[in-house]
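**Q** Just dropping this structure here.
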Amino acid sequence: MQTNHVSTLFRSLVAATTALGMLAPASVLAWEPTKPVEFVVPAGTGGGADQMSRLIQGVVSKHNLIKQPMVVVNKSGGAGGEGFLYIKDSKGDPHKIIITLSNLFTTPLATGIPFNWKDLTPVAMLALDEFVLWVNADSPHKTAKDYLAAVKAGTDNQFKMAGTGSKQEDQIITVALDKFTGKKFIYVPFKGGGDVAVQLVGGHVDSTVNNPIEAVAHWRAGKLRPLCVFDDKRIPYKEKITETMSWSDIPTCMEAGVKVDYLMLRGIFMPGGASQDQVKFYVDLFKKVRETPEWKDFMEKGAFNQSFMAGKEYADWVQKAEDTHKGLMKDAGFLAQ
Amino acid sequence: MEEFSNLMQGFSVALTYQNLLFMLVGILLGVLIGVLPGLGGANGVAILLPLTFTMSPTSAIIMLSCIYWGALFGGAITSILFNIPGEPWSVATTFDGHPMAKAGRAGEALTAAFTSSFVGALIAVIMITFLAPLVAKFSLKFGPPEFFAVQLLTFCSFVGLGKGHPAKTIAAMMLGFALASVGLDTVTGTLRMTFGTGELLRGFNFLIAVIGLFGIGEILLTMEEGLAFKGVHARINPSVVWQTWKQLPKYWMTALRGTLIGCWMGITPGGATPASFMSYGIAKRFSKNGEKFGTGEIEGVIAPETAAHAAGTSALLPMLTLGIPGSPTAAVLLGGLLIWGLQPGPLLFVEQKDFVWGLIASMYLGNIVGLIIVLTTVPWWAAILRVPFSIIAPIIIVICAIGAYTVNNAMLDVVLMLVFGIVGYLFKKLDYPLAPLVLALVLGDMAESSFRQSMLMSRGEVSIFWSNGLVGSICGLAMLMLFWPVVTKLLARLRRGNNDLDDARPVE
Amino acid sequence: MIASVNDNNHSDDGKPHHGVSTRAVEFAVAVFTFILGIVVIVDSRRVGAGWAEDGPQAGYFPYYIGIILCIASVWTIWRALFSAKDVAGVFVSHKKFRLVLSVFIPSMIYVVATYFIGIYVASALFIGAFMYWHGRFAWTRIIPISVIVPVVMFLLFEVWFLVPLPKGPLETLIGY
């Protein structure tokens, strides 16, 4: 125990000195936080965005990536609108960052609250989250084709789909499936992704479009079955999750003929009016976070698409995603009156 | 017995000097968090997180879960002393706990609260130890109709308790429901009663309402009575713990009932707050002294405290086996698990045996350590009441303001707290009952969304609420509770027919 | 100071009926809840208060809640206006009312001040002022208590638990 402590101390000393050495020339002019950084999560505790931000908080403090502490704050009111308005009102404050999910687009469109992502400064895309069509393991439907054929053959409102929130990503995908099958799903909204998964395990609904991280534990325990992933290519992770399957064994929904691909942004924004120096600090910070083993492990467990973008490339991507969402929400009739 | 040997294995993991030390630290921090309404478990984890990276996951989770036990214990302290519920589940504790403190029996109330918390938690842990897989399976049976039935039962077992005028009881309850509906409607995604303001998006938080209604309202009332807490001149007696313990065993039925309600609500997961209300309501219905509830009955402290702790403890079970946190603090523990690369879910019990059983063993140890710590502090807490009111009052207001602010980091909430303070003062003086308002506020939102989820699933058929045995029997029980006063009257009439002598005896 | 008995019908000097009448307060509170009820009804109708084919609309429950609230309020207003027995007496004597205001108004000022000078400085001033006016303590007791409490809060919240609270110019000066 004693030697162990000493060696840990020694290692961290070495790490610290090396880190200092590397930082020294760069930090002469660069901006750095001078007080605790507030990390806003526009969603409740326990959800995908919350898990990711708490992991980042842990990674940052474990590897000592910023000198100031990072504090996670949940502002989930009004489908995240509360958090976005809060960052919008903090214009020019470089000690606040926000992690986003699709509600960056869907919340203002569906509720009409006065907010647009252009009120914020884009920092970086951390990853993209996949969506998977899940059924209960006891369901007779083994493939997406099977299941969707059954829906097609059934009547309107025969099959129940559970999802997170109303007029958000889960319901957008459900509406796309409605269109494909020509039959209407009953969409039952719940507060969080974890609840949704458990409702499916309990057999109260027929299917869900949970993100991988929300349902993986139940899949491993043999309670849920993934049918297809809403992407144009398969998830690359080859490591076995269950006895027989890995993430990459899940076919895409395209293979079943459903032309739906939908990925959700997990990205970082700052309040409007941030300087280039400040943005650069956070971009570098998240680059370092991405290099840590904890982050890599988390990405693999949650089967995330590890795209990383920053700067103009990122802003362009967000702009394009906004246009896509406008179209999707309009088609589904979800726009605020 | 396999569970038993697993548990012993768990004790051997948890019982090291280091882990005991971590428990101590965790409990003390937790009590602090429970006492100050501004601090939440999330912050506790924030400061301990860097520390925990040098420990094994088991030691780390032991420390973090001890924060949770500590917070559960601590919530009762301010409820009893100052009528300020530090945590939502201690609201029901104020109903009788604070009147006891005002009557100079703070030490007694605190001892009863801590001891019943311990009993509730202990029985819940025993249940987790031996029935975990069964219980997890049972909790999966709960879909939206069952959730609604549970909320209905909570409401029915509590409603009709007050002595106020029916018009006022109804108005208070409706006010609670109306406040609960402000904000985004989960089911349709439309904004209700926000009137275009960003500030109302998040709706009215339960904690802000109770801090204002109870805490600030109480200070205004006390002020009117002339700058003094009536309990000021109570003797501080170190042996109060023993004296209280002597009278506790005769309330074993209340404690057992509270524990069962709590366990059930914790795993379904209805949560600790509704559990405490339901337990209080049912205890009042069945107790011999039911009439005196609200004036400082020790049973009125035992009932909600056993239920809240049994619920808080058993809420960890769905978190570990299903990945659904039963409470916000459990959610933070969940975050902790993820950082150590532990995936909560059905396989955790199989793949991480050492960890799971170490945690369960620490639940036993943590609660025992916690009980000893908080009981030794009883005389000190009671002594706070001797500080002059003109010093303690502004400090309470400051703590309330911080508590209200930290709920959403919003100044508007502090203003709202003051408004609720005036409402609390006026309502109390005009005999509007506050409990139905608070209960409606905490349950309204949940009950409405589970009702409407059920309606979506059944295409508007109300019959879904008696469509299977489980939901049907809970709904039936709710109706029975609602009409209990009528039922007791009928029973009394029957008994009178049988035995005139018995009835002639004056009621105590 | 020793607590006086809380008696609604007598002011502290023993003379009855000297203060705000219960009838007036009862009436005002009921009118207030009635107005709230109307607000709820109007907004619920905006979002739709009917029963759609798949269950109640967003405004369905609030709509009826609003109606019941209005009915209950009217009932109380009726009693306030026409019942002699229920609302007799004094709600609060002027003297007691002044005492209540002497806590409430400083609390309001405290909350407003928090916007400008931060919660810590405001708390120090608030505790100090309260102790001075209500407790008549000597400065040697007021100053230590009113300084130590906010400092402990500061250490606890900002430094230790990392909970950001509203801060003003003083905190900015020391780098927070």
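**Q** Test A:Leu133 against the stated conditions and say whether it is more than 10 Å from chain B (Cβ to nearest Cβ) and modelled with pLDDT of 95 or more. Before the answer, list the steps.
**A** Values: more than 10 Å from chain B (Cβ to nearest Cβ): yes; modelled with pLDDT of 95 or more: yes.
Yes, satisfied.
**Q** Go over the candidates C:Ala88, C:Ala84, C:Ala49, C:Ala58 one by one and state the one that is facing another protein chain (nearest Cβ under 8 Å), over 15 Å from B:Ala171 (Cα atoms) and assigned to a loop (DSSP other than H, G, I, E, B).
**A** Values: C:Ala88 fails: facing another protein chain (nearest Cβ under 8 Å); C:Ala84 fails: facing another protein chain (nearest Cβ under 8 Å); C:Ala49 fails: facing another protein chain (nearest Cβ under 8 Å).
One residue alone meets the criteria, C:Ala58.
Rundown of residues vs (1) under 15 Å from A:Trp117 (Cβ atoms); (2) among the charged types (D, E, K, R), yes/no style:
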{"residue": "A:Met299", "(1), (2)": "no, no"}
{"residue": "A:Asn305", "(1), (2)": "no, no"}
{"residue": "A:Phe308", "(1), (2)": "no, no"}
{"residue": "A:Tyr314", "(1), (2)": "yes, no"}
{"residue": "A:Trp317", "(1), (2)": "yes, no"}
{"residue": "A:Ala321", "(1), (2)": "yes, no"}
{"residue": "A:His325", "(1), (2)": "yes, no"}
{"residue": "A:Lys330", "(1), (2)": "no, yes"}
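**Q** Do we have any residue at all in region B:205-220 that's assigned to a loop (DSSP other than H, G, I, E, B), within 14 Å of chain A (Cβ to nearest Cβ) and modelled with pLDDT of 80 or more?
**A** Residues of region B:205-220 assigned to a loop (DSSP other than H, G, I, E, B): B:205.
Add one more test, that the residue is within 14 Å of chain A (Cβ to nearest Cβ), and what stays is B:205.
Still in the running and modelled with pLDDT of 80 or more: B:205.
Scanning region B:205-220 turns up at least one residue that is assigned to a loop (DSSP other than H, G, I, E, B), within 14 Å of chain A (Cβ to nearest Cβ) and modelled with pLDDT of 80 or more.
**Q** Another one. So in region B:237-256, with the set limited to residues that are modelled with pLDDT under 85 and surrounded by 15 or more Cβ atoms within 10 Å (Cβ to Cβ), which one is farthest from the other protein chains (Cβ to nearest Cβ)?
**A** B:Val241
**Q** Restricting attention to region A:238-289, which residues are hydroxyl-bearing (Ser, Thr, Tyr), in contact (Cβ under 8 Å) with a residue 12 or more places away in the chain and surrounded by fewer than 18 Cβ atoms within 10 Å (Cβ to Cβ)? Please lay out each step first, then the result.
**A** First, the residues of region A:238-289 that are hydroxyl-bearing (Ser, Thr, Tyr): A:242, A:244, A:246, A:248, A:252, A:262, A:275, A:282.
Next cut, in contact (Cβ under 8 Å) with a residue 12 or more places away in the chain only: A:242, A:248, A:252, A:262, A:275, A:282.
Listed by number, the residues that qualify are A:Thr242, A:Ser248, A:Ser275.
Yes or no, residue by residue, for (1) within 29 Å of A:Phe308 (Cβ to Cβ); (2) away from every other protein chain (no Cβ under 11 Å):
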{"position": "A:Asp178", "(1), (2)": "no, yes"}
{"position": "A:Gly194", "(1), (2)": "yes, no"}
{"position": "A:Val205", "(1), (2)": "no, no"}
{"position": "A:Ala221", "(1), (2)": "no, no"}
{"position": "A:Tyr262", "(1), (2)": "yes, yes"}
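**Q** Out of C:Ser146, C:Ser123, C:Ser102, C:Ser107, report the one residue that is more than 19 Å from the chain's Cα centre (by Cα) and either in a loop (DSSP other than H, G, I, E, B) or of a type in the set (S, T, N, Q) (or both).
**A** Working: C:Ser123 fails: more than 19 Å from the chain's Cα centre (by Cα); C:Ser102 fails: more than 19 Å from the chain's Cα centre (by Cα); C:Ser107 fails: more than 19 Å from the chain's Cα centre (by Cα).
That would be C:Ser146, the only listed residue that is more than 19 Å from the chain's Cα centre (by Cα) and either in a loop (DSSP other than H, G, I, E, B) or of a type in the set (S, T, N, Q) (or both).
**Q** Take the residues in region B:5-22 that are small (Gly, Ala, Ser) and over 15 Å from B:Leu64 (Cβ atoms); name whichever of them is surrounded by the most Cβ atoms within 10 Å (Cβ to Cβ).
**A** Narrowing region B:5-22 to residues small (Gly, Ala, Ser): B:5, B:10, B:12, B:14.
Of the ones still in play, those that are also over 15 Å from B:Leu64 (Cβ atoms) are B:5, B:10, B:12.
On the way: B:Ser5: 10, B:Gly10: 26, B:Ser12: 13.
Top of the filtered list is B:Gly10.
**Q** Quick check: anything in region B:414-428 aliphatic (A, V, I, L, M), within 9 Å of another protein chain (Cβ to nearest Cβ) and more than 30 Å from B:Ala101 (Cα to Cα)? Outline the logic, then answer.
**A** From region B:414-428, those aliphatic (A, V, I, L, M) are B:414-419, B:422-423, B:426; that's our starting set.
Next cut, within 9 Å of another protein chain (Cβ to nearest Cβ) only: B:414-415, B:417-418, B:422-423, B:426.
The next check asks that each one be more than 30 Å from B:Ala101 (Cα to Cα); those that pass are none.
Checking region B:414-428: not a single residue is aliphatic (A, V, I, L, M), within 9 Å of another protein chain (Cβ to nearest Cβ) and more than 30 Å from B:Ala101 (Cα to Cα).
**Q** I'd like to verify a number: residues in region B:114-146 that are touching a Ser or Thr at 6+ places or on another chain (Cβ under 9 Å), among the hydrophobic types (A, V, I, L, M, F, W, C) and at pLDDT below 90, how many?
**A** Of the residues in region B:114-146, 7 are touching a Ser or Thr at 6+ places or on another chain (Cβ under 9 Å), among the hydrophobic types (A, V, I, L, M, F, W, C) and at pLDDT below 90.
**Q** Is at least one residue of region B:175-196 buried (at least 23 other Cβ atoms within 10 Å of the Cβ), touching a Leu at 6+ places or on another chain (Cβ under 7 Å), more than 10 Å from chain A (Cβ to nearest Cβ) and more than 30 Å from A:Pro42 (Cβ to Cβ)?
**A** The answer is no, given that none of the residues of region B:175-196 is buried (at least 23 other Cβ atoms within 10 Å of the Cβ), touching a Leu at 6+ places or on another chain (Cβ under 7 Å), more than 10 Å from chain A (Cβ to nearest Cβ) and more than 30 Å from A:Pro42 (Cβ to Cβ).
**Q** Here's something else I'd like to know. How about region A:239-337: which helices (runs of 4 or more DSSP H) wholly inside it have at least 3 residues that are within 21 Å of A:Ala215 (Cα to Cα)?
**A** On the way: elements: A:276-291, A:293-301, A:311-332.
Those helices (runs of 4 or more DSSP H) span A:293-301.
**Q** Same structure, new question: Please tell me if B:Val462 is buried (at least 24 other Cβ atoms within 10 Å of the Cβ), over 17 Å from C:Ile65 (Cα atoms) and at the interface with chain C (Cβ under 10 Å from one of its Cβ atoms). Please lay out each step first, then the result.
**A** On the way: buried (at least 24 other Cβ atoms within 10 Å of the Cβ): no; over 17 Å from C:Ile65 (Cα atoms): yes; at the interface with chain C (Cβ under 10 Å from one of its Cβ atoms): yes.
No, not satisfied.
**Q** Find all pairs meeting these conditions: Cβ atoms under 7 angstrom apart; at least six residues apart or on different chains; first residue within region B:126-139 and touching a residue at least 24 places away in the same chain (Cβ under 8 Å); second residue surrounded by fewer than 18 Cβ atoms within 10 Å (Cβ to Cβ) and of a type in the set (Asp, Glu).
**A** These pairs meet every condition: B:Thr129/B:Glu3; B:Phe130/B:Glu3.
**Q** For region B:427-439, state whether one or more residues are over 20 Å from C:Phe126 (Cβ atoms), free of Cβ contacts under 8 Å to residues at least 40 places away in the same chain and assigned to a loop (DSSP other than H, G, I, E, B). Quick ask: steps written out before the conclusion?
**A** First, pick out the residues of region B:427-439 that are over 20 Å from C:Phe126 (Cβ atoms): B:427-439.
Now narrow it down to the ones that are free of Cβ contacts under 8 Å to residues at least 40 places away in the same chain: none.
Checking region B:427-439: not a single residue is over 20 Å from C:Phe126 (Cβ atoms), free of Cβ contacts under 8 Å to residues at least 40 places away in the same chain and assigned to a loop (DSSP other than H, G, I, E, B).
The values are calculated or read from the model by the stated rules, or taken from the named source; none is laboratory data. Since we're looking at a predicted model, the values are computed, not measured. Please note: Cβ atoms are built from the backbone with ideal geometry, for glycine as well, and neighbour counts cover all protein chains shown.
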